[in-house]
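The values are calculated or read from the model by the stated rules, or taken from the named source; none is laboratory data. Just so we're clear, the structure is a prediction, and the values are computed from it rather than from any experiment. Cβ placement follows ideal geometry from the backbone for every residue including glycine, while neighbour counts extend to all protein chains displayed.
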Amino acid sequence: FPDLPERGRPVGFRSVGDNTLDTIVVPNGYDWSVTVAWGDPILPGAPEFDFDNQTEAAQLGQFGYNCDFVAILPLDRDFTKGLLWVNHEYTNEELMFRGWTGAAGITLEQLKVVQAAHGGSVVELERVAETGEWLPVGGRRRYNRRIHTKTEFLVTGPVAGSDLLKTSADKTGKKILGMLNNCAGGTTPWGTILSGEENFNQYFGSSAAITDPTVAARYARYGLRTTAGTERNWEKGDKRFDLAQEPNEPNRFGWIVEIDPFDPESTPRKHTALGRMKHEGATISIAEDGRAVAYMGDDERFDYVYKFISKNKFRPGDSKRDRDSNLRLLEEGDLYVAKFTGDSPAAEIDGTGKVPSDGAFDGTGQWIPLVVNGQSKVQGMTVAEVLTFTRLAGDRVGATKMDRPEDVERNPVTGTIVIALTNNTSRNATTGADETNPRFANKWGHVVGIDETGNDAAAMTFTWNIIMLAGDPNDASTYYGGFDKTQVSHLSCPDNVAFDPAGRLWISTDGMPSASGIADGLFVVPVEGPDKGHVRRFASVPRNAECCGPFITPDGRTATIAVQHPGEGGTASPENPISTFPYGDQPRPSVVTVWRKSPGNGPFIGD
Ligand code: FEO
Ligand code: CA
Ligand code: CA
Ligand code: CA
């Protein structure tokens, strides 16, 4: 792209105000349209969406439910065509089916529909030249694909074939049907998608209490049931989700998966070398020596931040040999967990968010080894155990307990790694606060930046600082990087992050309706230059939706947003009506594109 925004470029639009409107709101000079929504047919022969006649067969060919991570990979040099990847994280049965009375009443066909609505979609798009908006291509769509709960995955890495992964249906421990609760993700420099399996625990019920103490302790650490009962009732129609019958089935979820959208016939893979947790996602950076580094968050209160360093080096060429080699990079390597140390006296961190006397929440940190050179570095745990029960390994080595680490992504322009910590209302005087997680009852969340030593992703040490203590700028406990708080937009519950070609940080939120009474949205903040720290709201999403994605095209011209779970928690009361986004009837999770209508301050998104 010949014209790209320069580093440190300020932001020029007027912020979208706080609101609770049931639509997408964008700044003056911008417009948006729906790119694709739940139920849209994307595979040949799939029927049009029919709310009252849903079938598994239809859903398998239609765009899935709750959209989370989105990316568009270019199909041509000028980026007029692209492949959209979207995670379908989970389902809201109460909004999907008329007359839904609860999981106890789920029918077998409904179960199959919701299982088919999970996973991900590949949709071939083209850009409308006049506007820049992205729409599905007409005619032949050779790349379109649905990944769902019955898609076969191959297991790679040290845990492949382990007894921990064997079930009555898979004696090899190497073949898994489906991916579940895929939340955030990333693209790789070799043209694939990474996607994190997050809250997989909710799909498992148990017909009997779990009595083996080792198994029960492992289940408990991952939020799985240890008593008889169910949340979603999947095990009633699909016995692999019954823990009492298939105790290893949950070990087969909670991984980072890799999908090659350019090869619709390819078998997606679950990479065990990257550990098992409630993976928010994984984003790749290339180290000075060429190894691939994956940064990862485990989205749970008091859980950890991780990084994986590949054994082999990324090959920048595009020969078949280069590509085949790159496709195997995440199969072998070392896994680390983050330990943060503050540089201010512990007594100055009192849980209120008051800035310490040295003027910053900051300090140093180290990456603690869990698995290196194929050897376990954790006392009393084998490599397979460290990678399958990674949370227990993190507990043993004293990693820093964070306030729900969501997206972790490196700024390609500055090298800073940004960690979104969405919130943690359970932090209190008993659990303690630390300089990295300094607020008790942290309902608004915060954002931490890591600078690796030597700006090298393979470094073993780093410095860090808090970029933002989010929330109502009028509240004394918030901190917007030292920027004048009367000028910034109210951002709370940071979840997903992205960067534009100028290195400006984009943050989407999850939880503002409950934490702050206003809609979730997309925000942008310059990280250097005169406008550094000036947070502005760029978009808000419909009623009771969470704002996901976001994806800024590499030419800096369009933004793509996923509207996740519009209507969730709506009560059909006048105070809290159910969203009708986007078509005025039942809510449909959707992907939308935002583009500039008029040049305003400049040609790029955010100008
Ligand atoms: Fe699916 Fe961590 O949000
Ligand atoms: Ca300090
Ligand atoms: Ca998320
Ligand atoms: Ca979230």
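Observations, loosely collected:
- Filtered residue count, region 508-558, keeping only those that are acidic (Asp, Glu) and assigned to a strand (DSSP E or B): 1
- No other residue among Pro261, Pro268 is over 22 Å from Leu165 (Cα atoms), surrounded by 21 or more Cβ atoms within 10 Å (Cβ to Cβ) and modelled with pLDDT of 95 or more apart from Pro261.
- All told, Lys166 falls short of being free of Cβ contacts under 8 Å to residues at least 24 places away in the same chain, closer than 28 Å to Leu274 by Cβ and among the charged types (D, E, K, R).
- The set of residues in region 191-205 being of a type outside the set (S, T, N, Q) and either assigned to a strand (DSSP E or B) or within 16 Å of ligand 4 (Cβ to nearest atom) (or both) consists of Ile193, Leu194, Gly196, Glu197, Glu198, Phe200, Gly205.
- Among the residues of region 144-166, the one identified as charged (D, E, K, R) and more than 23 Å from Asp238 (Cα to Cα) is Arg145.
- Within region 502-514, residues that are farther than 26 Å from Asp3 by Cα and touching a residue at least 60 places away in the same chain (Cβ under 8 Å) reach partners that are of a type in the set (Asp, Glu) and within 16 Å of ligand 4 (Cβ to nearest atom) with beta carbons closer than 8 Å, at six or more positions or on different chains, in the pairs Asp510/Glu406; Asp510/Asp495; Asp510/Asp520; Asp510/Glu546; Gly511/Asp495; Gly511/Asp520; Gly511/Glu546; Pro513/Asp520.
- When the criteria are applied in full, Ala399 meets the requirement of being in contact with a Phe, Trp or Tyr (Cβ under 7 Å, 6 or more places away or on another chain) and not in a helix (DSSP H, G or I).
- So Pro369, is it surrounded by fewer than 23 Cβ atoms within 10 Å (Cβ to Cβ) and touching a Lys or Arg at 6+ places or on another chain (Cβ under 7 Å): yes
- Inter-residue pairs, beta-carbon under 8 Å, first within 12 Å of Arg543 (Cβ to Cβ) and in region 569-584, second assigned to a loop (DSSP other than H, G, I, E, B) and of a type in the set (Asp, Glu), 6+ apart: Pro577/Asp22; Ser579/Asp22; Thr580/Asp22; Phe581/Asp22
Rundown of residues vs (1) closer than 27 Å to Pro74 by Cα; (2) loosely packed, with under 15 Cβ neighbours inside 10 Å, yes/no style:
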position	(1), (2)
Gly132	yes, no
Arg142	yes, yes
His148	yes, no
Asn182	yes, no
Leu194	yes, no
Gln202	no, no
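- Hits in region 1-37 (condition: charged (D, E, K, R) and either without any contact (Cβ under 8 Å) to a residue 12 or more places away in the chain or not in a loop (DSSP other than H, G, I, E, B) (or both)): Asp31
- Among the residues of region 150-190, those identified as in contact with a Pro (Cβ under 8 Å, 6 or more places away or on another chain) and not in a strand (DSSP E or B) are Thr151, Met179, Pro189.
- Exactly one residue out of Arg410, Arg404, Arg439 is on the phi > 0 side of the Ramachandran plot and either among the charged types (D, E, K, R) or without any contact (Cβ under 8 Å) to a residue 12 or more places away in the chain (or both): that is Arg404.
- Residue under evaluation Ala393, criteria (1) closer than 21 Å to Glu348 by Cβ; (2) more than 15 Å from ligand 1 (Cβ to nearest atom); (3) not polar (S, T, N, Q), criterion not met: (1)
- Out of Thr416, Thr422, Thr390, one residue alone is hydroxyl-bearing (Ser, Thr, Tyr), within 16 Å of ligand 3 (Cβ to nearest atom), buried (at least 18 other Cβ atoms within 10 Å of the Cβ) and within 20 Å of the chain's Cα centre (by Cα). It is Thr422.
- Selection status of Arg146, in a loop (DSSP other than H, G, I, E, B) and either at pLDDT below 95 or more than 14 Å from Pro250 (Cβ to Cβ) (or both): no
- Taking residues in region 51-63 that are surrounded by fewer than 16 Cβ atoms within 10 Å (Cβ to Cβ), and partners anywhere that are of a type in the set (Phe, Trp, Tyr), the pairs with Cβ atoms closer than 9 Å and at least 6 places apart or on different chains are Phe51/Phe97.
- Elements of type strands (runs of 3 or more DSSP E) contained in region 223-311, each with 3 or more residues being not β-branched (Val, Ile, Thr): 269-271, 279-286, 291-298, 301-303
- The criterion of being within 16 Å of ligand 1 (Cβ to nearest atom) and out of contact with any helix residue (DSSP H, G or I) (no Cβ under 6 Å at 6 or more places or on another chain) holds for Gly196.
- For region 538-553, the criterion of a residue being more than 16 Å from ligand 3 (Cβ to nearest atom), at pLDDT below 95 and of a type in the set (Gly, Ala, Ser) is satisfied by no position.
- Exclusive hit being surrounded by 16 or more Cβ atoms within 10 Å (Cβ to Cβ) and either more than 16 Å from ligand 3 (Cβ to nearest atom) or hydrophobic (A, V, I, L, M, F, W, C) (or both), set Gly333, Gly317, Gly359: Gly333
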